[in-house]
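> Below is one structure. I have some questions about it.
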Amino acid sequence: MVEIPSGSAGAIPSAEVEDVELYHPKSWWTKYVFSQDAKIIAVQYSLTAIAIGLVALVLSWLMRLQLAFPGYFAFIDADHYYQFITMHGMIMVIYLLTALFLGGFGNYLIPLMVGARDMVFPYANMLSYWIYLLAVLILAAGFFAPGGPTGAGWTLYPPQAVLSGTPGGKDWGILLMLSSLIVFIIGFTMGGLNYVVTVLQGRARGMTLMRMPLTVWGIFTATVMALLAFPALFVACVMMLFDRLLGTSFFMPAIVEMGEQLQHGGGSPILFQHLFWFFGHPEVYIVALPAFGIVSDLISTHARKNIFGYRMMVWAIVVIGALSFIVWAHHMYVSGMNPAFGFFFATTTLIIAVPTAIKVYNWVLTLWRGDIHLTLPMLFALAFIVTFVNGGLTGLFLGNVVVDVPLSDTMFVVAHFHMVMGVAPILVIFGAICHWYPKVTGRMLNETLGQIHFWTTFLGTYAIFFPMHYLGLLGVPRRYFEMGETAFVPPSAHTLNIFITVMALIVGAAQMVFLFNLVWSLFRGREAGGNPWRATTLEWQTPQTPPAHGNWGKELPVVYRWAYDYSVPGAAEDFIPQTAPADGGITREVPA
Amino acid sequence: MAVVLILVLIVVGSVLFHVLSPWWWTPIASNWTYIDSTLVITFWITGIVFVAVVSFMAYCVFRFRHKPGSQAAYEPENRRLEWLLASGTAVGVAAMLAPGLVVWNQFITVPDDAVPVEVVSQQWLWSFRLPGADGKLGRAETRDVSPENPLGLNKNDASGLDDVIIEGGELHLPVGKPVRILLRSVDVLHDFYVPEFRAKMDMIPGMITYFWFTPTRTGSFEILCAELCGIGHAQMRGTVVVEEAADYQTWLGQQQTFTQLMASGEPRPAN
């Protein structure tokens, strides 16, 4: 970090970085395919994540068709149904959300927003993407393998995940899933170290940590968490592979399977659950924190107002990140672990609600006395708040150990986590794409198509998941291929299932509008210019749009102020870029 | 303005849906009314917060949406307000957590007079074991499971010889008597779940898990499996019948003990 003498007047000379430091592409292949430019890698990550996400979207249609019209579609049998839910869950959580937020937005935004030329290890960054692609291909290979993909549920709980009563348990399915996760984690680690080191070491002169936009804070904290959490999943996957292939018994006690004594003994299935959720709970925030950060910047920019309580927002991100490592067993209240753990984990879980609530308050207080432009990014931000508040509040039911007992393993849980870590982050992704698309492509997205997509997605997903909580209250369990005749489930619940399925089909179709918009606007969109939203942060101050390799031309930017100087009293315009020198030298990190 | 209207409609619609929805929990059949009460407290607190936050947001959009010439205020921080909101939230959270922990303590503290009842799960069948005249369940292990001895009882443990064994049938329980449900699985994870009892717990091969409750009304209730256990998960059903003590004794007298089961030598029916 560069020391800045306080009180020095006028502009500070920027640090010049010699051009030779970056590897400049020499051919089409090294420019667009095996590229070491974080911006190209970001686009590669994003397109791959969206492509595999579309597969998961189609899987959700198929499972919803089965729930609404059981028995009507002959090709959806129990095997397929469980394979669909498993692959849908794993793809959405890991291969779409994690990859898109960190690999996609992280790669594009970190170097630009902190004023670096690129990630600090461009070659490892390139490898990270190609290894991620390999992981996606291994995962997708499950669909074509004998026996199909695994149907163990995305949590992959042993022993059933490796036994014959589960699709793919004794075939290729579970092997491909575990291998794909291992490869993904290797690839992610290469990218993740890059993001962390770039934030810590690659910032432009004047860009102190407490001047970074919240987007960078969110992605940075999430990456640190991912680097600490993924190893737990890594070892769990390796141990399960050993159990399945080498006959070890890490997770396998004595078992009688279909009348036959297996050769395992002494292992602990619940050990896997602890390892899985030690990764799995931070994973929720690995997805949520980048969304928190990005949405803060969307709200601030489009309400033309500084984010309210910046320092509190930074600390809330850090505190949430830290606390999320000591709440994992709230996924295991009825797992059979020592019930005394319930006291501890319920307490930590509900404590985490406080910094999370602070973030929500600060978002809506940023709107207060703002100058709210209802642009697409702002609409998505508003929709995010509604969805996130709803999903966050139902988390207080499930986190409070005794309330969780009747609700766990029911559709209430499905509704909750889709609201809070499915729909809410996806809404931020859409908002973020609308916000940064002009920087990436130089053109604006089509507003009409954007509005159609926004309203269908926002209201449609709310109509899907809000009523679903009530099926769970009624007692309908999750992961049921069909309810069959169950005395306590009235026919009206079935009608609700049909309604939810119809909405899911509509919302899914609306995503095609969005994809069409992405392609159409690339050629026909309005020219954006360098800074269409009149935003303060560094990525909008690049000499070219889209930014060239190396981002900044000859001179690196120098940062004089925090990222939120919107509507400063007395200023000529309603925004002051971070690069604008202040009268009398450096401004304070956070204005009083 | 459409945005404001829709935000308001979401608030009103959600509240109306909650009030008018025909989907609500099943009539309770156990002592765990406290769980229901804690849930209702949580609904009130979270409901109020949801309505307040979204309404406030709708008001902000209504009042501060962009008009030509309007400018946003400049207020980076407000320490007092931030701490006030944080403390208010902490109080609300405590109001939900405290009763929750008190009820959890009851949930995990089994009364001394609770009668042990064992539930044994396998893909995809429920079996049950009740103590015989000695009031004790004998030892059992997965290693001892065989076609003749489907629940894997230890033949050398005398306290197990009079245990009543019910394979794949109905479990009967006397009304008003606390029971300690001991859960055992011989293959994969399962979860003993009767919505009307509110309580549920996973069953783990290699471990014995438990919960307790007191059935409070007679009737026949469906047992579901609530932990994914393979392709037969949704079909893994059973029945609990809660009845008066006299009826229960009659039923109990008709069931087979472990000794009788061994003597009959019949291999167990295929599932």
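The values are calculated or read from the model by the stated rules, or taken from the named source; none is laboratory data. Being a predicted model, the structure only gives us computed values, none of them experimental. Here Cβ is always computed from backbone atoms with ideal geometry, including for glycine, and neighbour counts include all displayed protein chains.
> Being exposed (fewer than 14 other Cβ atoms within 10 Å of the Cβ) and in a loop (DSSP other than H, G, I, E, B) is the filter here; which residues of region B:50-69 pass it?
B:67, B:68, B:69
> I would also like to ask the following. When you look at residue B:104, is it out of contact with any helix residue (DSSP H, G or I) (no Cβ under 7 Å at 6 or more places or on another chain), buried (at least 20 other Cβ atoms within 10 Å of the Cβ) and aromatic (Phe, Trp, Tyr), yes or no?
no
> Which ones in region B:161-192 are farther than 21 Å from residue B:203 by Cα and of a type outside the set (Val, Ile, Thr)?
B:161, B:162, B:174, B:176, B:177
> Just to verify a result, which residue in region B:234-271, among those that are part of a helix (DSSP H, G or I) and touching a helix residue (DSSP H, G or I) at 6+ places or on another chain (Cβ under 8 Å), is modelled with the lowest pLDDT?
Across region B:234-271, the extreme among qualifying residues is B:258.
> Do you know which residues across region A:349-363 are assigned to a helix (DSSP H, G or I) and out of contact with any Asp or Glu (no Cβ under 8 Å at 6 or more places or on another chain)?
A:349, A:350, A:351, A:353, A:354, A:355, A:356, A:357, A:359, A:360, A:363
> Related question: Please enumerate the residues belonging to region A:125-146 that are of a type in the set (A, V, I, L, M) and under 20 Å from residue A:181 (Cβ atoms).
A:127, A:131, A:133, A:134, A:135, A:136, A:137, A:138, A:139, A:140, A:141, A:145
> Just name the residue that is nearest to the other protein chains (Cβ to nearest Cβ) out of those in region A:317-348 that are of a type in the set (Phe, Trp, Tyr) and assigned to a helix (DSSP H, G or I).
Selected residue: A:343.
> Do the conditions hold for residue A:171, that is, is it closer than 30 Å to residue A:254 by Cα and assigned to a loop (DSSP other than H, G, I, E, B)?
The answer is yes for residue A:171.
> For the structure I just gave you, tell me whether residue A:286 is surrounded by 22 or more Cβ atoms within 10 Å (Cβ to Cβ), under 15 Å from the mean Cα position of the chain (by Cα), within 30 Å of residue A:337 (Cβ to Cβ) and not assigned by TED's automatic domain parsing to the domain that holds residue A:92.
Against the criterion (surrounded by 22 or more Cβ atoms within 10 Å (Cβ to Cβ), under 15 Å from the mean Cα position of the chain (by Cα), within 30 Å of residue A:337 (Cβ to Cβ) and not assigned by TED's automatic domain parsing to the domain that holds residue A:92), residue A:286 qualifies.
> To continue, here is another question. Do the conditions hold for residue A:391, that is, is it more than 9 Å from chain B (Cβ to nearest Cβ) and either under 24 Å from the mean Cα position of the chain (by Cα) or at pLDDT below 95 (or both)?
Criteria met by residue A:391.
> Specify the residue that is nearest to residue A:462 (Cα to Cα); the eligible residues are those in region A:481-514 that are surrounded by 13 or more Cβ atoms within 10 Å (Cβ to Cβ) and of a type in the set (S, T, N, Q).
A:501
> Taking region A:296-307 on its own, how many of its residues are more than 7 Å from chain B (Cβ to nearest Cβ) and not in a helix (DSSP H, G or I)?
1
> With the structure loaded, tell me whether residue A:356 is without any contact (Cβ under 8 Å) to a residue 12 or more places away in the chain, closer than 27 Å to residue A:226 by Cα and of a type outside the set (Gly, Ala, Ser) or whether it fails that test.
Judged against the criteria, residue A:356 is not a match.
> Right, next: Can you run down the residue pairs with Cβ atoms below 8 Å, 6 or more apart or on separate chains, where the first is in region A:538-567 and within 14 Å of chain B (Cβ to nearest Cβ) and the partner is part of a helix (DSSP H, G or I) and of a type outside the set (Ser, Thr, Tyr)?
Close Cβ pairs (under 8 Å, with a partner that is part of a helix (DSSP H, G or I) and of a type outside the set (Ser, Thr, Tyr)) amount to A:561/A:211; A:562/A:210; A:562/A:211; A:563/A:211; A:563/A:214; A:563/A:297.
> In region A:363-378, which residues are facing another protein chain (nearest Cβ under 9 Å) and either surrounded by fewer than 24 Cβ atoms within 10 Å (Cβ to Cβ) or of a type in the set (Gly, Ala, Ser) (or both)?
A:364, A:365, A:368, A:369, A:370, A:371, A:373, A:374
> Let me ask you something else. Do the conditions hold for residue A:88, that is, is it within 17 Å of the chain's Cα centre (by Cα), more than 18 Å from residue A:185 (Cβ to Cβ) and part of a helix (DSSP H, G or I)?
Considered against the rule, which asks whether it is within 17 Å of the chain's Cα centre (by Cα), more than 18 Å from residue A:185 (Cβ to Cβ) and part of a helix (DSSP H, G or I), residue A:88 comes out as yes.
> When you scan region A:204-220, do you find a residue that is touching a residue at least 12 places away in the same chain (Cβ under 8 Å), buried (at least 24 other Cβ atoms within 10 Å of the Cβ) and within 14 Å of chain B (Cβ to nearest Cβ), even just one?
Scanning region A:204-220 turns up at least one residue that is touching a residue at least 12 places away in the same chain (Cβ under 8 Å), buried (at least 24 other Cβ atoms within 10 Å of the Cβ) and within 14 Å of chain B (Cβ to nearest Cβ).
> State yes or no: is residue A:137 assigned to a helix (DSSP H, G or I), hydrophobic (A, V, I, L, M, F, W, C) and more than 27 Å from residue A:278 (Cβ to Cβ)?
Answer is yes for this residue.
> What is the residue count in region B:8-22 for residues that are of a type in the set (A, V, I, L, M) and either in contact with a His (Cβ under 9 Å, 6 or more places away or on another chain) or facing another protein chain (nearest Cβ under 7 Å) (or both)?
Number satisfying all stated conditions: 1.
> Scan region A:135-149 and tell me whether some residue there is small (Gly, Ala, Ser) and touching a strand residue (DSSP E or B) at 6+ places or on another chain (Cβ under 8 Å).
Yes; the residues of region A:135-149 include at least one that is small (Gly, Ala, Ser) and touching a strand residue (DSSP E or B) at 6+ places or on another chain (Cβ under 8 Å).
> Based on what the data block shows, is residue B:28 surrounded by fewer than 19 Cβ atoms within 10 Å (Cβ to Cβ), out of contact with any Ser or Thr (no Cβ under 8 Å at 6 or more places or on another chain) and outside the structural domain of residue B:216 (by TED's automatic domain parsing)?
no
> Given the residues B:97, B:85, which is the only one that is modelled with pLDDT under 95 and closer than 22 Å to residue A:314 by Cα?
None of the other options fit; the residue is B:85.
> Continuing with the same structure: Identify, please: which residue in region A:441-479 is under 20 Å from the mean Cα position of the chain (by Cα) and hydrophobic (A, V, I, L, M, F, W, C) and is, among those, farthest from residue B:194 (Cα to Cα)?
A:454
> May I pose another question? Out of region B:46-98, which residues are more than 7 Å from chain A (Cβ to nearest Cβ), under 16 Å from residue A:308 (Cβ atoms) and aliphatic (A, V, I, L, M)?
Listed by number, the residues that qualify are B:81, B:84.
> Does residue B:110 satisfy the condition of being within 14 Å of chain A (Cβ to nearest Cβ), β-branched (Val, Ile, Thr) and not in a loop (DSSP other than H, G, I, E, B)?
Taking the combined requirement at face value, the residue does not satisfy it.
> Filtering region B:23-44 down to residues that are in a loop (DSSP other than H, G, I, E, B) and facing another protein chain (nearest Cβ under 7 Å), which residue is nearest to residue B:197 (Cα to Cα)?
My answer is B:26.
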